[in-house]
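Engineer: One structure follows; several queries about it will come next.
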Amino acid sequence: MEPPRVAESPTETRERARAADARDPLASFADRFDAPGTYMDGNSLGPLSEDSEAALDRVVEEWRDHAVEGWTEGDPDWFHYGERLGAKVSPLVGAREAEVAVCGSTTANIHTLVGTFYDEANGGADVSAGDANSVSGAATADDPGSILVNDLDFPTDHYAIRAQLRQRGLNPDDHLTVVESRDGRTIAREDVERALREENVDLLFFPAVLYRSGQLFDIEALTDLAHEHGALAGFDLAHSVGVVPHDLHSAGVDFAVWCHYKYLNAGPGAVAGLYCHEDHFGIRPALAGWWGHEKETQFEMRRTFTPAESAGAFQIGTVPVLAAAPLDGALDVTREAGIDAIRAKSVALTDYLVALVDRLPDAFAVGSPRDSDRRGGHVAVEHPEAYRLTQALKDRDVVVDFRPPNVVRVAPAPLYTGFEDVFDVAETLRALHESGAYEEHEPRSGGVT
Ligand SMILES: *Cc1c(COP(=O)(O)O)cnc(C)c1O
């Protein structure tokens with residue numbers, strides 16, 4: 001899909017945006033969503049669709065009608081909810097059905113998967129015991145290697161990983177290797193490569209898309225690099241799932257986590273997702289619980305834990321059915337639209353936004369990669385008054401978010417956003433800058449705007 005060209009006059013540019021909307025094969029999907037205002041914050045919380053609401057209502061009715069019998073009488077039954085939804089998500093991440101489970105939160109899933117795979121790289125669940133069958137071969141029991149992350153990661157990822165290291169009696173300052181950004185926006189592949197070469201890395205854990213600049217990494221290339229250096233590779237897809245297609249299985253990715261409330265529109269705090277490559281089935285989860293037990297014998301209530309031979313092994317407690325149901329409906333919308341068509345429209349929308357920001361006054365800058373192959377679903381619009389601009393945009397029903405120190409994050413999500421919406425955002429930014437109307441808002445406390 002080609003983005004509309006930017007013309008000299010705003011009127012003509014708007015007309016071209018409207019014409020592009022009229023040609024857009026996904027345009028009618030917007031009717032299924034209730035998105036307040038010009039909604040450009042779907043990478044923080046996607047809006048409600050009628051499909052999600054209907055799926056949630058159905059579970060509430062089943063609860064009313066069946067109570068405990070819903071575990072078997074629900075349609076679909078609640079007992080297999082996490083596995084069934086996992087299978088339904090699996091094409092979006094390019095995984096086999098059994099390789100995906102829907103459970104927990106992104107952060108909890110980072111805890112269990114990073115913990116598990118770090119132990120695996122160090123010879124199994126008990127790091128101190130040592131084991132000649134270490135997967136990476138690089139680490140020994142006396143010398144656990146490090147976990148490789150980057151400087152621009154979403155903070156919760158580091159909080160969880162540092163906590164996992166501490167729980168193994170290790171100092172996170174010694175066992176977390178952080179690739180630094182050169183420009184404050186992106187991470188250079190050569191720097192990842194150098195860290196893998198020079199440090200004793202057991203596990204690479206990277207996002208698919210950086211939450212602030214939107215840089216999209218080449219997951220397959222990073223996985224190959226990690227494996228070449230004897231490290232395992234895991235990814236956080238929170239900012240890509242539902243807007244960028246993935247191929248986790250064929251790329252040989254060891255494990256991945258993501259949430260469903262951003263581009264997948266499953267609602268606030270919706271249950272999250274995880275992937276484990278089938279070669280690792282049977283691995284012992286760092287955080288075990290009865291819901292990860294082999295399904296057939298789970299209710300025999302044995303005292304020993306037999307992990308399921310699937311990604312389902314990483315479930316901990318009872319699947320939160322009410323927090324999972326909206327995902328069921330949301331996935332119908334995404335699957336109907338098709339992830340490749342969603343990505344094609346997303347690229348056109350962000351290319352268009354980049355072209356429009358380039359025409360704004362010099363105080364504005366594009367803080368995202370210009371090459372769409374290296375960009376996820378949002379654009380970082382930089383401005384020294386980003387904080388106050390974000391507030392002023394919200395007053396004018398344009399919903400975006402601010403990320404310190406100077407980024408207005410604009411996410412034109414393809415299922416409910418059109419080219420004219422993108423044009424409106426750029427024009428509102430221009431008007432606010434030129435009039436100085438954002439000064440009606442207080443600067444951000446701490447003096448940083
Ligand atoms: C949104 C996001 C999270 C959120 O984690 P929760 O446990 O769902 O709160 C984690 N990591 C990244 C990279 C994110 O973008």
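The values are calculated or read from the model by the stated rules, or taken from the named source; none is laboratory data. All values reported here derive from a predicted model rather than from experimental measurement. Because the Cβ atoms are built from the backbone with ideal geometry, glycine has one as well, and the counts that use them run over all protein chains shown. To get the accessible areas, we keep the full protein, side chains included, count just its heavy atoms, and leave off ligands, DNA and RNA. Shrake-Rupley method; radii C 1.70, N 1.55, O 1.52, S 1.80 Å.
Engineer: Within the stretch 242-257, identify whether any single residue is over 18 Å from residue 342 (Cα atoms), within 16 Å of the ligand (Cβ to nearest atom) and part of a loop (DSSP other than H, G, I, E, B), and answer yes or no.
Structural biologist: Yes, the stretch 242-257 has at least one match.
Engineer: Does the stretch 62-77 hold any residues that are part of a loop (DSSP other than H, G, I, E, B) and either in contact with a strand residue (DSSP E or B) (Cβ under 9 Å, 6 or more places away or on another chain) or open to solvent by 20 Å² or more (accessible area, probe 1.4 Å) (or both), and which are they? Walk me through how you get there before you give the answer.
Structural biologist: From the stretch 62-77, those part of a loop (DSSP other than H, G, I, E, B) are 74-77; that's our starting set.
Matches in the stretch 62-77: 75, 76, 77.
Engineer: Only residues that are in a strand (DSSP E or B), of a type in the set (A, V, I, L, M) and open to solvent by less than 10 Å² (accessible area, probe 1.4 Å): list them for the stretch 399-413, please.
Structural biologist: Step one: list which residues in the stretch 399-413 are in a strand (DSSP E or B), which gives 399, 401-403, 407-411.
After this cut, where a residue has to be of a type in the set (A, V, I, L, M) as well, the list is 399, 407-408, 410-411.
Once the filter is applied, which keeps residues that are in a strand (DSSP E or B), of a type in the set (A, V, I, L, M) and open to solvent by less than 10 Å² (accessible area, probe 1.4 Å), the stretch 399-413 yields 407, 408, 410, 411.
Engineer: Within the stretch 278-307, track down each residue that is over 22 Å from residue 95 (Cβ atoms) and among the aromatic types (Phe, Trp, Tyr).
Structural biologist: Matches in the stretch 278-307: 290, 299, 305.
Engineer: Got a sec? Which of 352, 387, 416 is open to solvent by 50 Å² or more (accessible area, probe 1.4 Å), outside the structural domain of residue 181 (by TED's automatic domain parsing) and among the hydroxyl-bearing types (Ser, Thr, Tyr)? Let's see the steps before the verdict.
Structural biologist: Values: 352 fails: open to solvent by 50 Å² or more (accessible area, probe 1.4 Å); 416 fails: open to solvent by 50 Å² or more (accessible area, probe 1.4 Å).
Result: 387 is the single residue among 352, 387, 416 that is open to solvent by 50 Å² or more (accessible area, probe 1.4 Å), outside the structural domain of residue 181 (by TED's automatic domain parsing) and among the hydroxyl-bearing types (Ser, Thr, Tyr).
Engineer: Continuing with the same structure: Name every residue in the stretch 104-128 that is within 16 Å of the ligand (Cβ to nearest atom) and open to solvent by 10 Å² or more (accessible area, probe 1.4 Å), in order of residue number.
Structural biologist: In the first step, residues of the stretch 104-128 are kept if they are within 16 Å of the ligand (Cβ to nearest atom); the result is 104-115.
Hits for the stretch 104-128 are 104, 105, 106, 107, 108, 111.
Engineer: Sticking with this one: Just to be sure before I move on: is residue 359 surrounded by fewer than 17 Cβ atoms within 10 Å (Cβ to Cβ) and assigned by TED's automatic domain parsing to the domain that holds residue 282 in the structure I sent?
Structural biologist: Numbers: surrounded by fewer than 17 Cβ atoms within 10 Å (Cβ to Cβ): yes; assigned by TED's automatic domain parsing to the domain that holds residue 282: no.
So residue 359 does not fit the description; no.
Engineer: Just to be sure before I move on: is residue 50 assigned by TED's automatic domain parsing to the domain that holds residue 292 and touching a strand residue (DSSP E or B) at 6+ places or on another chain (Cβ under 9 Å) in the structure I sent?
Structural biologist: Working: assigned by TED's automatic domain parsing to the domain that holds residue 292: no; touching a strand residue (DSSP E or B) at 6+ places or on another chain (Cβ under 9 Å): yes.
Criteria not met by residue 50.
Engineer: Scan the stretch 1-38 residue by residue and report those that are open to solvent by less than 40 Å² (accessible area, probe 1.4 Å) and in contact with a strand residue (DSSP E or B) (Cβ under 6 Å, 6 or more places away or on another chain).
Structural biologist: Selection gives 33, 38.
Engineer: Also: Could we say that residue 238 is aliphatic (A, V, I, L, M) and in a loop (DSSP other than H, G, I, E, B) here?
Structural biologist: Numbers: aliphatic (A, V, I, L, M): yes; in a loop (DSSP other than H, G, I, E, B): yes.
Judged against the criteria, residue 238 is a match.
Engineer: Which is out of contact with any Pro (no Cβ under 9 Å at 6 or more places or on another chain) and among the polar types (S, T, N, Q), of 186, 223?
Structural biologist: On the way: 186 fails: out of contact with any Pro (no Cβ under 9 Å at 6 or more places or on another chain).
The conditions single out 223.
Engineer: Does residue 267 satisfy the criteria of being open to solvent by 10 Å² or more (accessible area, probe 1.4 Å), over 30 Å from residue 345 (Cβ atoms), among the small types (Gly, Ala, Ser) and within 16 Å of the ligand (Cβ to nearest atom)?
Structural biologist: Against the criterion (open to solvent by 10 Å² or more (accessible area, probe 1.4 Å), over 30 Å from residue 345 (Cβ atoms), among the small types (Gly, Ala, Ser) and within 16 Å of the ligand (Cβ to nearest atom)), residue 267 does not qualify.
Engineer: Please tell me if residue 287 is within 16 Å of the ligand (Cβ to nearest atom), open to solvent by 50 Å² or more (accessible area, probe 1.4 Å) and in a loop (DSSP other than H, G, I, E, B). Show your work before the answer.
Structural biologist: On the way: within 16 Å of the ligand (Cβ to nearest atom): yes; open to solvent by 50 Å² or more (accessible area, probe 1.4 Å): yes; in a loop (DSSP other than H, G, I, E, B): yes.
Yes: the conditions hold for residue 287.
Engineer: Inspect all residues belonging to the stretch 312-323 and state whether any of them is assigned to a loop (DSSP other than H, G, I, E, B) and within 14 Å of the ligand (Cβ to nearest atom).
Structural biologist: Filtering the stretch 312-323 for residues assigned to a loop (DSSP other than H, G, I, E, B) gives 315-320.
Retained after the next criterion (residues that are within 14 Å of the ligand (Cβ to nearest atom)): 316, 320.
Within the stretch 312-323, one or more residues are assigned to a loop (DSSP other than H, G, I, E, B) and within 14 Å of the ligand (Cβ to nearest atom).
Engineer: Only one of these conditions is not met by residue 214: (1) open to solvent by 40 Å² or more (accessible area, probe 1.4 Å); (2) touching a residue at least 40 places away in the same chain (Cβ under 8 Å); (3) not β-branched (Val, Ile, Thr). Which number is it?
Structural biologist: Tallying (1) open to solvent by 40 Å² or more (accessible area, probe 1.4 Å); (2) touching a residue at least 40 places away in the same chain (Cβ under 8 Å); (3) not β-branched (Val, Ile, Thr), residue 214 fails exactly one: (1).
Engineer: Might you check whether a residue that is touching a strand residue (DSSP E or B) at 6+ places or on another chain (Cβ under 6 Å), in contact (Cβ under 8 Å) with a residue 40 or more places away in the chain and within 16 Å of the ligand (Cβ to nearest atom) occurs anywhere in the stretch 225-233?
Structural biologist: Checked against the condition, which is being touching a strand residue (DSSP E or B) at 6+ places or on another chain (Cβ under 6 Å), in contact (Cβ under 8 Å) with a residue 40 or more places away in the chain and within 16 Å of the ligand (Cβ to nearest atom), the stretch 225-233 yields no hits at all.
Engineer: Additional query: Taking residue 306 and the conditions (1) within 15 Å of the ligand (Cβ to nearest atom); (2) of a type in the set (Ser, Thr, Tyr); (3) touching a strand residue (DSSP E or B) at 6+ places or on another chain (Cβ under 7 Å), which numbered condition does it fall short on, given that it satisfies the others?
Structural biologist: (1)
Engineer: Looking at the stretch 147-170, is at least one residue modelled with pLDDT under 90 and either within 16 Å of the ligand (Cβ to nearest atom) or open to solvent by 50 Å² or more (accessible area, probe 1.4 Å) (or both)? Full working, then the answer.
Structural biologist: Of the residues in the stretch 147-170, the ones modelled with pLDDT under 90 are none.
Scanning the stretch 147-170 turns up no residue that is modelled with pLDDT under 90 and either within 16 Å of the ligand (Cβ to nearest atom) or open to solvent by 50 Å² or more (accessible area, probe 1.4 Å) (or both).
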